[in-house]
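What follows is a single structure, written as structure tokens, with notes after it.
The values are calculated or read from the model by the stated rules, or taken from the named source; none is laboratory data. No experiment lies behind these values; they were computed from the predicted model shown. Virtual Cβ from ideal backbone geometry, glycine too; neighbours counted across all protein chains shown. Remember, those area values only see protein heavy atoms, side chains included, never the ligands or the DNA or RNA. Shrake-Rupley method; radii C 1.70, N 1.55, O 1.52, S 1.80 Å.
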Amino acid sequence: MKAIVMAGGKGTRLRPLTCKQPKPMVPIAGKPMIGYILELLKKYHFTDIGMTLFYLPELITNYFGDGHEFGVSVRYFLEESPLGTAGSVKNAESFLDETFLVISGDALTDINLAEAVAFHRARRALVTIVLTKVANPLDYGVVITAEDGRIKRFLEKPGWGEVFSDTVNTGIYLIEPEVFRYYEKNKAVDFSKDLFPLLLQAGKPLYGFVAEGYWSDVGNLAQYRQANYDLLDGKLEFTPPGQEIAPGLWVGEGTELAPDCVVEGPVVLGRYVRVGKRALLGKNSIIGDYSLVEEEASLKKAILWNHTYVGYRTEIRGAILAHHTHLKSGVSVYEGAVLGEGCTVGAKTVIKPEIRTWPEKYVESGSVLNSSLVWGNRWGTNLFGRQGISKTANLEFTPEFAAKLGVAYGTVLPEKSRVVMGADHCPAAQKLKTALVSGLLGTGIDLYDLGQTATPVTRRAVVALAAAGGIQLRVSPLAPEDLLVEFIDDQGLNINRALERKIEQTFFAEEFRRTPLTRLGQVIEVADFFPRYLEEILQVTLPEQIQGIGFKVVAGVETPEGPLGAFLTRLLAALGCSTRSLSQRAIGSHRTLKELKTQAASALAVQVRQDGADLGVMLIGNGEGLILVDEEGTLVQEEQFTALLSLAALKDPGAGTVPLPVTAPFFIEEMVKANRGTVVRTKASPRGLMEKVVEARLFPAGDGRGCFQAAYDGFYALTKILELMAREKRSLGRLVTLLPPYYIDQKQVDCSWEDKGRIMRHLFEENKEREIEVIDGLKVFHDRGWALVLPDPEEPAFQIFSEAVSPEMATELTAFYTDRITDLQLK
């Protein structure tokens, strides 16, 4: 017997899930709904199958083909315009030359079709409608039958006053081909509304067969969720796809679970799913193919389609994520929420219950989404953050994105400009760099390729090679799953906001320069720039004095892969230091920069004390930062490090002005003034400080071109600290103890993006009578200290800094402004 599957439905009540998928292709436990229908048909020997198609038909034809892979034969019948259920089947009249079965491709059922066929034949019916009993028949077509099953009456979606039966039409019919005589081709005709009432009025033999088994028309999002849960709970005769490797755990090919993740079945995982450490997969959770669940994420009753990404410590509760949806770290998605295909949700966002977002939407970090999002863009308004562009590797930062970014950057530069490119050891950076390079070359930009290198080396190479700019690609210091792209100008500084905007505008508008084939850019390999960089450092410092001391140093790097360890060893050897490498095992695993600093400081302290070393040092941030401990194993705090660098700067001939970020404590300014220097305050951004260093000609390069950026160059900063120790003939610990006493505090207070501007206005108006400073954020001077309220440029938060005459006063100041911001958010 032949079967016809009606698969043309749009499924509007399932939107946004059906905005880019026909309803029959919506997955149940990772498998298209219509796939279960074909499995049911094959089970009861319906292997010659036709499908009627209308909405997004190519998605169905591409998936099933001729049906061979599914053990059936499939033919397709395409509607040019909607013809209704009977009209669409009439399109297949030439195929349906014998008794045939009609079944909906967008419902879920395991009804025994053999019993329905036997009933139809026994009654010699023209049409048999398969019926089922439901608790609430109001949304269905009710069918009233006699004792022998002959249909007496139809009620289409009745009110309670009209309900005389709980048996409803399942959309499964057994039909004789003579039924085609009763209506015309290419006209919109519906089985239940038009044809069946007509046949009933004509006295034709129409019967209803009340079937046992599971049936759901999956008519809305709540029913869709429930259908998934019912399948996992064993309420259907189907089993989820994959292999059941433990009771209630079905896993597809190539899937990997961290040993310490927690799984509470039933759970279905598709093919090539990755589940991170300490993640929780709660009961009735489904994760589609090629999805990634990061460390400590928590999913309960979550339905994830294919290619989804769940960030670190993200929580999903009873929500649905369609294909290619990305949730960054710390996101919370609550019961009934639905995210359409291609949505990206920024870190620490809250999506409230029952909220729906349509496809290709971008939700900014820290948002609280309490209404559905229908209109909007795939990307936010900005690409750039505080330090560059940071996106999840191979999910957001894809080869396509990298190539497009390369084209955008190349377009804003003059043709035949030269750009320096460096990358860290990370495999993702190495591979995606290729796409970035391709985009640049396509705009006629020539490229100096430094290979694997440190960010400070790339900065100096840009200046030394007289390039128009540079790019450094590396792991983000804030999220190890993200890649950070730093753009560098011709002075070796982070590019300014004006150039960032040009790149963003070009990227979004896609107004790209396309260079003729004869003028495509060229790649120039620069095998090892570090010796030249090292020579430049030695030219502007006092290596002989440092060599004369013969410092004993415990040295380490953030990660053993890549060239940073070799670079550090070469630098210390050139300075005459004896070096003991810090074991990577001593540092242990870490995820955040804060964790790394704590663990590295502890490991360095132990090793320094054991070896009787003069200091311990670790390079972090791809060479941009340093962790230092003194001879006693005491950590040199960030503000102490800044003070020592400022003191070292003032020892250089001609140095008089020291730039300090607005966040730096006032004690450093007093120290600079005591050493006959002056201070210029800068914005808290890296670019803000770098600009002022160049203007002040601080830490100049030996060739007179540009300056070393000591605050963002761990190699140069370490050399200057060792030089200061040699000059002063004092240990690192002694230099720190000579710094003036100070008391500081810092806190973060969360605040929505929408409230930031209003709160800053309130705080400004409240403090008009006090002495204030507005270089970056709002700094308010009090009788015995100051506090700085700084809106975070990347997070929905304020950073509060304070300094006072006592630790209690500093804490009191930060608490005052933290509480004030919290109060203002409630108004």
*Excluding same-chain residues fewer than 8 positions from Lys433, which lysines have a Cα within less than 17 Å of its Cα?*
Lys391, Lys404
_Debye-sum result for region 230-308 in log10 I(q)/I(0), which assumes one identical scatterer on each alpha carbon, at q = 0.12, 0.21 Å⁻¹_ = -0.27, -0.86
*Mind running the shape call on region 428-477? Use the C-alpha gyration tensor, a ≥ b ≥ c as the square roots of the eigenvalues: rounded below 1.5 for a/c, prolate if a/b tops b/c, oblate otherwise.*
oblate
_Full-stretch length increase - Thr822, Ile144 - with 0.36 nm per residue and alpha-carbon distance subtracted_ = 237.8 nm
*What is the local net charge at Gly9, summed over the other residues whose Cβ is closer than 9 Å to its Cβ (Lys, Arg +1; Asp, Glu -1)?*
+1
*Could you pull the Cα extents of region 465-600 along its three principal axes, largest to smallest, in whole Å?*
57, 36, 27
*When region 761-809 is reduced to its Cα atoms, the Kirkwood hydrodynamic radius in Å*: 11.5
*Compute the convex hull volume of the Cα atoms of region 670-714, divide it by the residue count, and report the result per residue in Å³ as a whole number.*
99
*Only residues of region 643-666 count here: report those whose backbone N is under 16 Å from the spot 7 Å along Cα→Cβ of Thr678, or say none.*
650, 654-660
*Please report the orientation-averaged projected area of region 24-164, defined via the convex hull of its C-alpha atoms, in nm².*
10.0
*asked:* Given axes a ≥ b ≥ c from the Cα gyration tensor, I'd like to know whether region 94-133 is rounded (a/c under 1.5), prolate (a/b larger than b/c) or oblate.
replied: oblate
_List the pairs from Lys20/Lys185; Lys20/Lys361; Lys283/Lys361; Lys23/Lys187; Lys597/Lys747; Lys361/Lys683 whose alpha-carbon separation is above 25 Å, in the order I gave them._
Lys20/Lys185; Lys283/Lys361; Lys361/Lys683
*Would you work out what percent of the accessible area of the chain, with all protein chains in place, is carbon or sulfur (probe 1.4 Å)?*
49
*For region 642-794, what is the accessible area per residue in Å², given a 1.4 Å probe and the full set of protein chains?*
44
*To the nearest 10 degrees, how steeply does helix 807-825 sit against the main Cα axis of the chain, on a 0 to 90 scale?*
30
*Whole-number percent relative contact order across the chain, with pairs defined as alpha carbons under 8 Å at least 6 apart*: 6
*asked:* Placing unit charges on C-beta atoms (Lys and Arg positive, Asp and Glu negative, everything else neutral), compute the dipole magnitude of the chain about its Cα centre in debye, rounded to 20.
replied: 660
*What list of whole percents do you get for P(r) of region 253-377, with Cα-Cα distances grouped in 10 Å bins up to the one holding the largest distance?*
16, 52, 27, 5, 0
_Quick check: the distance between the Cα centres of region 529-587 and region 796-827, to the nearest angstrom?_
41
*Quick one: if you stick a label point 7 Å off each Cα along the C-beta vector at Lys43 and Asp611, how many nm between them?*
6.8
*asked:* Between region 208-265 and region 383-423, what is the separation of their alpha carbon centroids in Å?
replied: 42
_Taking every pair of distinct Cα atoms and averaging 1/r, then inverting, what Kirkwood hydrodynamic radius in Å comes out for region 644-704?_
11.7
*Those aspartates and glutamates that a straight Cα-Cα span of less than 12 Å connects to Lys779, excepting residues fewer than 8 apart in one chain*: Glu771, Glu803
*asked:* I'd like the orientation of helix 564-574 relative to the chain: the angle between its Cα long axis and the longest Cα principal axis, in ° from 0 to 90, rounded to 10.
replied: 10
*Looking at Leu269, Pro240, Ala211, which one has the Cα that reaches farthest to the positive end of the dipole of region 196-273 (charges on Cβ: Lys, Arg +1; Asp, Glu -1)?*
Ala211
*Ranked highest first by average number of other Cβ atoms within 10 Å, how do 652-660, 426-434, 639-647 line up?*
639-647, 426-434, 652-660
*Hey, got the Cα dimensions of region 541-599 along the principal axes, in Å, largest first?*
39, 22, 19
*Give the peptides 555-561, 524-530 in descending order of average Cβ contacts within 10 Å, highest first.*
555-561, 524-530
*Mind giving me the nanometre distance, one decimal, between the label points for Thr598 and Lys235, set 7 Å out from Cα along Cα→Cβ?*
4.5
*Running Debye on region 721-765 with equal point scatterers at the Cα sites and no solvent, what base-10 log of I(q)/I(0) appears at q = 0.26, 0.27, 0.30, 0.31 Å⁻¹?*
-0.97, -0.99, -1.01, -1.03
*Neighbourhood net charge (13 Å Cβ-Cβ; Lys/Arg +1, Asp/Glu -1) for Glu525*: -3
*If we count every other residue with Cβ under 11 angstrom of Thr682's Cβ, Lys/Arg +1 and Asp/Glu -1, where does the sum land?*
+1
*What Kirkwood hydrodynamic radius do you get for region 350-442 when you take the inverse of the mean 1/r over all pairs of distinct Cα atoms, in Å?*
15.5
*asked:* Using square roots of five times the C-alpha gyration tensor eigenvalues, list the equivalent-ellipsoid semi-axes of region 594-700 in whole Å, biggest first.
replied: 28, 16, 12
*Here are several values of semi-axes √(5λ) of the Cα gyration tensor in Å: (i) 104, 37, 25; (ii) 46, 37, 28; (iii) 67, 28, 24. Which one was derived from the coordinates shown?*
(iii)
*In Å and whole numbers, how far do the C-alpha atoms of region 679-821 stretch along each principal axis, longest first?*
48, 34, 27
*Mind running the shape call on region 664-753? Use the C-alpha gyration tensor, a ≥ b ≥ c as the square roots of the eigenvalues: rounded below 1.5 for a/c, prolate if a/b tops b/c, oblate otherwise.*
oblate
_Sequence-separation-based contact order of region 1-151, relative, with Cα cut under 8 Å and 6+ spacing, percent_ = 29
_Leaving out ligands and nucleic acids, and using a 1.4 Å probe, what accessible area per residue does region 1-98 come to in Å²?_
39
